[in-house]
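The next block holds one structure in the form of C-alpha cells; read it before the comments.
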Amino acid sequence: MELVDLLVTEKDVEQAYNVLKSVVKHTPLEYDFYLSEKYHCNVYLKREDLQRVRSFKLRGAFYAISRLSAEKLERGVVCASAGNHAQGVAYTCKRMTVPATIFMPTTTPQQKVSQVKFFGGSNVEVVLTGDTFDASAAAAKKFAEEHEQAFIPPFDDPDIIAGQGSLAVEMVADLNKAHEQADYVFAGIGGGGLISGVATYLKAKSPITKIIGVEPEGAPSMTEALKQNQVVVLDKIDKFVDGAAVREVGNLTFEHAKVLVDEVTTVSEGSVCSTILDMYTKQAIVAEPAGALSVAALETYRDEIKDKTVVCIISGGNNDINRMQEIEERSLLHEGLKHYFIVNFSQRPGALKEFVNDVLGPHDDITKFEYTKKVNRGNGPVIIGVLLQDKNDYEGLLDRVAAFDPSYIPINDNQTLYTLLV
C-alpha cells in the first residue's frame, strides 16, 4: 500500500478529538492586539503553551497510548524524547496507570528530566543513554523489541498525527464562534506530526486557508525533503530550537506535508530569539523556541498577510529560564546590535581610554573586554564586545575600529572563533 493511501483523514482527527476532549485542555484561541497592530491584520494565537504539560505533544501521546490493546497496556510502553513528547507520555501513563520506560539523551538538561519524573511519578522509569537523540531512540526501540513493549513514536504515526490534529478542531470551532475564517495558519515543523494533523483537518473544513509550515534555518529537514521529493537525513543541525531540531522528518508526515501544506519556510534562530523576547515583554507569553516559530515567520509574510485573518500555533512553553541569557545574546546578534572583535592594543597606559574616546560612538557600550598583558611585546590582542543602540551605527564603528587597528578581526560571523572566545 502506498504511503499516500495511509494519510490521516478528517474523521480520524475528529475521532481523536472525541477521545481527548475530556483529557486535554481546550486551549484558548486569543486575539492578539499587539501582533495585529504590528502586521496590520487580525492575528489569533492558539495557546498550546497553556496545555497540560505545556505543549501540544500530550494530544498525540495520549491518543496513541489509549488506542493500544489491554494486553499491550499491561506490558507497558517505551518512548524516546529529550523534551515535550516524553512529558506527554509520562502524564498519560500516570493518568492511565500504565508502566513506561522513557529514554532520554545523557545531555538532556536536568530540568527536563525532573519534569518527566514529576508528570509520570512511579509509573515512569527514565533511562539516560546516548549523547544524542538518535542514539537514545535506537536504544529505546531495541529495548521495546526485546521486552515486547509498544514503542510510542514522537511524530511519524497515524494516531500521533490524528491526536495532534485535535487542536485544529478546537481552533475551527472558536473561529466560527468569532464569525471568522482563517486565511493563514502558521505552525512549526519538527518531525511534522503537528502540521500533518492540523493540515488534515483544516483542508477538509476550510479549504481556503493557506497552511504555512515553519522550520528553524539550522534544521530544515522538511524543506530539504520537499526539495528532493523524498525524506533526507541532514548532515548536521543547529540544536538551539530543540523542539524542532530534527535531522529527518517522518515518511508519513512528509507525505502529509507534500499533499496538504501550502508552503514551508525557514526562520533564523536569531529571529526566533527576538520573537521569544518580544512575546515575553509585550504579551507576557513564555514560549519555548519551537513554540515561537510560527510568530517569527510573520515578518517574512508581512506584505502577504495584510488585512487577513491569521492563526499562529504557539506549540509549547517549556522554556528553561537558564537559557534566557543565551536567547538575549542571539537576539542582539540577529538584530545587528552586538558585535565582537579581536583588536590589538598598544601595551601602554591610556590605550583603552584612547579606544573609548576615538572608537566608541556616543551611545555605544563595551560589554566584554578580555586582555592579558604579554611580556616584552609592544601590542597585545583584546577580545572586545560592543553593544550598539542603533544597528545603523555599525558601519561607522567598523571604520573607527579599522583606523585604530587595521588588522582587527570581526568575530560574529566566524563561528569557530565566536564559540571559542565568546
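The values are calculated or read from the model by the stated rules, or taken from the named source; none is laboratory data. This is a predicted model, so every value here is computed, not measured. So basically every Cβ, Gly included, is an ideal-geometry build from the backbone, and we count neighbours across all protein chains shown. For the accessible areas, the whole protein counts, side chains as well, though only heavy atoms, and no ligand, DNA or RNA atoms are used. Shrake-Rupley method; radii C 1.70, N 1.55, O 1.52, S 1.80 Å.
Below, the figures for the structure above:
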| read-out | value |
| --- | --- |
| Matching residues in region 161-181 - criterion: being touching a residue at least 60 places away in the same chain (Cβ under 8 Å), among the polar types (S, T, N, Q) and surrounded by fewer than 18 Cβ atoms within 10 Å (Cβ to Cβ) | GLN181 |
| Tally, over region 30-57, of residues that are basic (Lys, Arg), modelled with pLDDT of 95 or more and touching a helix residue (DSSP H, G or I) at 6+ places or on another chain (Cβ under 9 Å) | 3 |
| Residue within region 258-280 that is in contact with a strand residue (DSSP E or B) (Cβ under 6 Å, 6 or more places away or on another chain), of a type in the set (Asp, Glu), open to solvent by 40 Å² or more (accessible area, probe 1.4 Å) and assigned to a loop (DSSP other than H, G, I, E, B) present | yes |
| Matching entry among LYS141, LYS112, LYS117 (being of a type in the set (Lys, Arg), over 18 Å from ASN84 (Cβ atoms) and either assigned to a helix (DSSP H, G or I) or open to solvent by 20 Å² or more (accessible area, probe 1.4 Å) (or both)) | LYS141 |
| Filter pass, ILE212 being β-branched (Val, Ile, Thr), open to solvent by 50 Å² or more (accessible area, probe 1.4 Å) and modelled with pLDDT of 95 or more | no |
| Failed item in (1) over 20 Å from GLU30 (Cα atoms); (2) of a type in the set (A, V, I, L, M, F, W, C); (3) without any contact (Cβ under 8 Å) to a residue 60 or more places away in the chain, with LEU202 passing the rest | (1) |
| Among residues of region 120-138, those that are at positive phi and crowded, with 16+ Cβ neighbours inside 10 Å, counted | 1 |
| Matching entry among PRO154, PRO158, PRO207 (being open to solvent by 10 Å² or more (accessible area, probe 1.4 Å), touching a Ser or Thr at 6+ places or on another chain (Cβ under 8 Å) and of a type outside the set (D, E, K, R)) | PRO154 |
| Condition check for GLU304: buried (at least 19 other Cβ atoms within 10 Å of the Cβ) and among the acidic types (Asp, Glu) | no |
| Residue match in region 132-146 (condition: among the hydrophobic types (A, V, I, L, M, F, W, C) and touching a Leu at 6+ places or on another chain (Cβ under 8 Å)) | no |
| Some residue of region 234-243 being under 21 Å from ALA297 (Cα atoms), open to solvent by less than 20 Å² (accessible area, probe 1.4 Å), not aromatic (Phe, Trp, Tyr) and not in a loop (DSSP other than H, G, I, E, B) | no |
| GLU299 modelled with pLDDT of 95 or more and closer than 15 Å to ILE189 by Cβ | no |
| Any hit, region 362-377, residues being β-branched (Val, Ile, Thr) and in a loop (DSSP other than H, G, I, E, B) | yes |
| Set ILE384, ILE313: member being surrounded by 13 or more Cβ atoms within 10 Å (Cβ to Cβ) and under 30 Å from LEU58 (Cβ atoms) | ILE313 |
| Any pair with Cβ under 8 angstrom, 6 or more apart, that starts in region 320-345 at a residue that is touching a residue at least 24 places away in the same chain (Cβ under 8 Å) and ends at one that is hydroxyl-bearing (Ser, Thr, Tyr) and part of a helix (DSSP H, G or I) | SER331/SER274; HIS334/SER271; HIS334/SER274; GLU335/SER274; GLY336/TYR394; HIS339/TYR394; TYR340/TYR418 |
| Matching residues, region 73-84, being buried (at least 24 other Cβ atoms within 10 Å of the Cβ) and modelled with pLDDT of 95 or more | VAL77, VAL78, CYS79 |
| Selection status of PRO362, of a type outside the set (A, V, I, L, M), over 21 Å from ILE411 (Cβ atoms), within 40 Å of the chain's Cα centre (by Cα) and exposed (fewer than 15 other Cβ atoms within 10 Å of the Cβ) | yes |
| Checking ILE65 against (1) modelled with pLDDT of 95 or more; (2) buried (at least 16 other Cβ atoms within 10 Å of the Cβ); (3) farther than 25 Å from ALA140 by Cα, the condition it does not meet | (3) |
| Candidate set from region 317-333 (those that are touching a Ser or Thr at 6+ places or on another chain (Cβ under 8 Å) and modelled with pLDDT under 95); member that is surrounded by the fewest Cβ atoms within 10 Å (Cβ to Cβ) | GLY317 |
| Set VAL19, VAL43, VAL8: member being outside any helix (DSSP H, G or I), of a type in the set (Val, Ile, Thr) and farther than 30 Å from LEU277 by Cβ | VAL8 |
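Residues checked against (1) open to solvent by less than 60 Å² (accessible area, probe 1.4 Å); (2) among the polar types (S, T, N, Q):
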site	(1), (2)
HIS26	no, no
PHE33	no, no
CYS41	yes, no
ASP49	yes, no
GLU71	no, no
THR97	no, yes
